[in-house]
Amino acid sequence: MAKKKEIDKDIEEIKKGIGTDKAVLGTIETIKYLKKGNVSKVFLSANVPEDVKTDLEYYSKLIKADVVELIYPNDELGVLCKKPFPISVICLLK
């Protein structure tokens with residue numbers, strides 16, 4: 001049951017970030033902000049490609065940003081964020 005609460009907490013954090021314009025959607029934009037050092041947390045969908053995941057973990061480690069792997073695939077993550085397209089990567093800005 002604790003696992004479910006952690007998941008809900010992560011989704012609520014993403015929704016709050018989208019509501020306050022502190023969330024950035026997409027792999028390319030996330031990597032851009034990671035290189036600048038402006039990211040506090042990165043969320044990955046369950047089916048993000050392995051090479052993308054490796055790159056994001058590398059850049060996140062450099063700036064000490066948290067990486068959270070969600071159990072939701074990218075199409076469900078898009079629905080949870082109320083977007084009409086799949087989302088594989090979301091980052092929250094500092």
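The values are calculated or read from the model by the stated rules, or taken from the named source; none is laboratory data. Fair warning: this is a prediction, and the values are worked out from it, not measured in the lab. As a convention, Cβ positions derive from the backbone with ideal geometry for all residues, glycine included, and neighbour counts pool all protein chains shown.
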Across the stretch 81-92, what is the number of residues that are surrounded by fewer than 16 Cβ atoms within 10 Å (Cβ to Cβ) and either modelled with pLDDT of 95 or more or not charged (D, E, K, R) (or both)?
3
Does at least one position in the stretch 8-22 carry a residue that is polar (S, T, N, Q) and free of Cβ contacts under 8 Å to residues at least 40 places away in the same chain?
yes
In the stretch 4-14, is there at least one residue being hydrophobic (A, V, I, L, M, F, W, C), under 12 Å from the mean Cα position of the chain (by Cα) and more than 20 Å from F85 (Cβ to Cβ)?
no
Could you say whether any residue in the stretch 54-75 is exposed (fewer than 15 other Cβ atoms within 10 Å of the Cβ), of a type in the set (S, T, N, Q) and out of contact with any Cys (no Cβ under 6 Å at 6 or more places or on another chain)?
yes
Only one of (1) in contact (Cβ under 8 Å) with a residue 12 or more places away in the chain; (2) more than 13 Å from D10 (Cβ to Cβ) does not apply to V68, and that is (2)
Which one of these does G19 not meet: (1) at pLDDT below 90; (2) of a type outside the set (A, V, I, L, M, F, W, C); (3) under 16 Å from I87 (Cβ atoms); (4) surrounded by 10 or more Cβ atoms within 10 Å (Cβ to Cβ)?
(4)
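Could we say that K61 is within 14 Å of I90 (Cβ to Cβ), more than 12 Å from the chain's Cα centre (by Cα) and free of Cβ contacts under 8 Å to residues at least 40 places away in the same chain here? Break it down stepwise before answering.
On the way: within 14 Å of I90 (Cβ to Cβ): no; more than 12 Å from the chain's Cα centre (by Cα): yes; free of Cβ contacts under 8 Å to residues at least 40 places away in the same chain: yes.
It is false that K61 is within 14 Å of I90 (Cβ to Cβ), more than 12 Å from the chain's Cα centre (by Cα) and free of Cβ contacts under 8 Å to residues at least 40 places away in the same chain.
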From (1) over 14 Å from T30 (Cβ atoms); (2) aliphatic (A, V, I, L, M); (3) in contact with a Lys or Arg (Cβ under 7 Å, 6 or more places away or on another chain), pick out the condition that doesn't hold for I71.
(3)
